[in-house]
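Q: Take this structure, written in structure tokens, and hold onto it; I'll ask about it next.
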Amino acid sequence: MQNEKRHVVVKNIEQFNHYFHQPTYHPQVSVARLQDADLSLFDPTDFGMYCVVLMEVDFGELVLRDTCMRYRAGTMFTMKPGDIVSMNLDSRVKPHGWMLAFRPEQLNGTGLGRDFYMFNFFEYKVAEALELYDTERRVIINCFNNIDTELKAPDDELTSHMLRLGIGQMLTFCRRFFERQFDMQDRRPSDIMHKFDNLLDHYLSSGSDMSRRLGPPSVAWCAAQFNLTPAYFGDIIRREIGITAQTYIQDKIVERAKSLLADASLPVNDIATMLGFTYPNHFARFFKQKTGTTPTTFRKMI
């Protein structure tokens, strides 16, 4: 089933729970078991909310964000409002796993919303999913159980707060486990930083017209060259060198600008164009912001 096909939009938690044949305990949060789901749930669907899914068996091919993927047991993936997901089910295997869903309203003016910037894995591709170790899987299942227990407890003035804490704890564990996964990837033979460096050097080189055509290099463009999402690529770079991919790119632009400014025969306006800046004053502003001096003053200093 492809994402281009007609899809269902889940409008609220009550409709979500209907797919799982379970009551609604809270208007904005739900936990469900995939083995209880109506099979129509696996048709193309936009859940209209944030979802965290743990696959406990490989029961088919997932189709999400124009990518098809089979997951082994112990894999987690996430969805955000607007994502259309479907499954090409394996008729030999019954679905099995967990699913957390929470409405975007849970982020409005809350501590969970304040910390949500840390959970950019909701932007990751399906191929960038989290593969859990057994001990990590038990931790995540415990988080599902804790949220489910809170949902079924008698409602009081702390219920929504406790649910947000439970969701935040699960997402924080996901962030921690992704960091572990990044560490493991960093030990692979492919040196992503070496390739990233070469990519930027070529992009900014005098013999390349990429900057002139495309503007200064962006994180999104660089990530695409590795077939990664900007969020996942940025997290790998940050993990590797301790700064953001955007900062590293800007430092490379400044480094190249200084090299070009050392050639007195090159007008500053031409250098700005070579580095992809449409307007020379934009280049001058960027250079001063990064170095504390204008390109012209820097040239005089050297």
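The values are calculated or read from the model by the stated rules, or taken from the named source; none is laboratory data. Just so it is clear, the model here is predicted, and its values are computed rather than measured. Glycine gets a Cβ as well: all are built from the backbone with ideal geometry, and neighbour counts include every protein chain shown. Only protein heavy atoms, including side chains, enter the accessible area calculation; ligands, DNA and RNA are left aside. Shrake-Rupley method; radii C 1.70, N 1.55, O 1.52, S 1.80 Å.
Q: In region 220-237, how many residues are hydrophobic (A, V, I, L, M, F, W, C), open to solvent by 30 Å² or more (accessible area, probe 1.4 Å) and either over 21 Å from Arg180 (Cα atoms) or not in a loop (DSSP other than H, G, I, E, B) (or both)?
A: Qualifying residue count for the region: 3.
Q: OK, next. When you go through (1) among the basic types (Lys, Arg); (2) open to solvent by 80 Å² or more (accessible area, probe 1.4 Å); (3) modelled with pLDDT of 90 or more one by one for Arg212, which number turns out not to apply?
A: (3)
Q: So, one more: Which of (1) under 16 Å from Tyr124 (Cα atoms); (2) out of contact with any strand residue (DSSP E or B) (no Cβ under 9 Å at 6 or more places or on another chain) does Lys258 not meet, given it meets every other one?
A: Tallying (1) under 16 Å from Tyr124 (Cα atoms); (2) out of contact with any strand residue (DSSP E or B) (no Cβ under 9 Å at 6 or more places or on another chain), Lys258 fails exactly one: (1).
Q: Another question, then. Note down all Cβ pairs under 6 Å where the first residue falls in region 135-162 and is in contact (Cβ under 8 Å) with a residue 24 or more places away in the chain, the second is open to solvent by 30 Å² or more (accessible area, probe 1.4 Å) and among the hydrophobic types (A, V, I, L, M, F, W, C), and they're at least six residues apart or on different chains.
A: So the pair list comes out as Val139/Phe173.
Q: Continuing with the same structure: In the list Phe122, Phe59, which residue meets the criterion of being under 20 Å from Val10 (Cβ atoms), touching a strand residue (DSSP E or B) at 6+ places or on another chain (Cβ under 8 Å) and aromatic (Phe, Trp, Tyr)?
A: After ruling out the rest, the residue left standing is Phe122.
Q: Test Arg256 against the criterion of being among the basic types (Lys, Arg), open to solvent by 50 Å² or more (accessible area, probe 1.4 Å) and closer than 30 Å to Gln181 by Cα, and give yes or no. So that I can check it myself, show each step before the final result.
A: Details: among the basic types (Lys, Arg): yes; open to solvent by 50 Å² or more (accessible area, probe 1.4 Å): yes; closer than 30 Å to Gln181 by Cα: no.
Answer is no for this residue.
Q: Quick one: which of Arg164, Arg176, Arg138 is basic (Lys, Arg), over 15 Å from Tyr50 (Cβ atoms) and under 23 Å from the mean Cα position of the chain (by Cα)?
A: That would be Arg176, the only listed residue that is basic (Lys, Arg), over 15 Å from Tyr50 (Cβ atoms) and under 23 Å from the mean Cα position of the chain (by Cα).
Q: Mind checking which pairs have a first residue in region 108-126 that is under 18 Å from Phe177 (Cβ atoms) and a second that is among the hydrophobic types (A, V, I, L, M, F, W, C) and open to solvent by 60 Å² or more (accessible area, probe 1.4 Å), Cβ under 6 Å, 6 or more apart or different chains?
A: Val126/Met69
Q: Scan region 46-79 residue by residue and report those that are more than 26 Å from Gln28 (Cα to Cα) and aliphatic (A, V, I, L, M).
A: Of everything in region 46-79, those that are more than 26 Å from Gln28 (Cα to Cα) and aliphatic (A, V, I, L, M) turn out to be Val57, Met69, Ala73.
Q: Under 7 Å by Cβ, and 6 or more places apart or on different chains, what pairs join a residue from region 244-269 that is more than 20 Å from Gly234 (Cα to Cα) with one that is surrounded by fewer than 17 Cβ atoms within 10 Å (Cβ to Cβ)?
A: Leu260/Leu266; Ala262/Ile302; Val268/Pro280; Val268/Thr296; Asn269/Pro280
Q: So, of the residues in region 254-302 that are outside any helix (DSSP H, G or I) and either within 34 Å of the chain's Cα centre (by Cα) or basic (Lys, Arg) (or both), which turns out to be farthest from Ser211 (Cα to Cα)?
A: This residue is Gly292.
Q: I'm trying to understand the selection: among the residues of region 262-273, which are out of contact with any Leu (no Cβ under 7 Å at 6 or more places or on another chain) and buried (at least 20 other Cβ atoms within 10 Å of the Cβ)?
A: If the condition is that a residue be out of contact with any Leu (no Cβ under 7 Å at 6 or more places or on another chain) and buried (at least 20 other Cβ atoms within 10 Å of the Cβ), then Ala272 is the only one that fits.
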